[in-house]
Amino acid sequence: MTVMQIEVAVGDITAADVDVVVTAANRSLIGGGGVDGAVHRAAGPELLQALRPLAPCPPGEAVITLAFGLGPRIRHVVHAVGPRYGVDEPADDLLASAYVSCLQRCDEVGATSVAFPALSTGAYGFPVFEACRISMDALHGAQSAVTRCVLVAFDERTRKFWERALSV
């Protein structure tokens, strides 16, 4: 396996220049708010139809679909279910597992680049810096053919936490 280059950016994950975009899904995979809602809106109604037979998805796991209306480079969407902080335990392990599961789904389709949001840090309430540190450890420790990973922060605060975690 080659070394994965990790970069941090702020912006719209649906416009990332990567093979695969990861979304923060709920276990029923029906779409929602935040990044998941944005991905569903950009991909179109075919995305929800593709997800129906794949539900439910437990915390710490991920499923993959085609990207439908996303693109032009984005070919697939990985739907990762992170833990709800204080509810799904052990939260740290489940969060790390969600990142690793995403890379496994990328490997299944031969993807070499992926964009991640900060899983579980929105409605699921995971403390942002802790989540960023866990994601960095999981990505660095994973075996994958992915060579480029873009961590797409929704805001400057998250970008700074990811930059700090990346430098440790």
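Since every read-out is calculated from the coordinates, none of them should be taken as a lab result. These numbers were taken from a predicted model, which means no experiment stands behind them. Methodologically, a virtual Cβ is constructed for each residue, glycine included, from the backbone with ideal geometry; neighbour enumeration extends over all protein chains shown.
Before moving on, here are some points about what is shown:
- Segment residue 9-residue 28, extension gain: residue separation times 0.36 nm, minus the distance between their alpha carbons: 4.0 nm
- Centroid-to-centroid, using Cα positions, segment 93-152 and segment 52-72 are 15 Å apart.
- Max mean-square fluctuation residue, GNM over the chain, Cα-Cα springs under 10 Å, options 55, 25, 131: 55
- Residues listed by number, segment 120-144, amide nitrogen under 19 Å from residue 87 label point at 7 Å toward C-beta: 120-128, 131
- Dipole magnitude (debye, nearest 20) for the chain, charges at Cβ of Lys, Arg, Asp, Glu: 260
- Label positions at residue 123 and residue 109, each projected 7 Å from the Cα along the C-beta direction, are separated by 2.3 nm.
- Dipole-positive endmost among 158, 112, 39 within segment 5-167 (Cβ charges, Cα centre): 39
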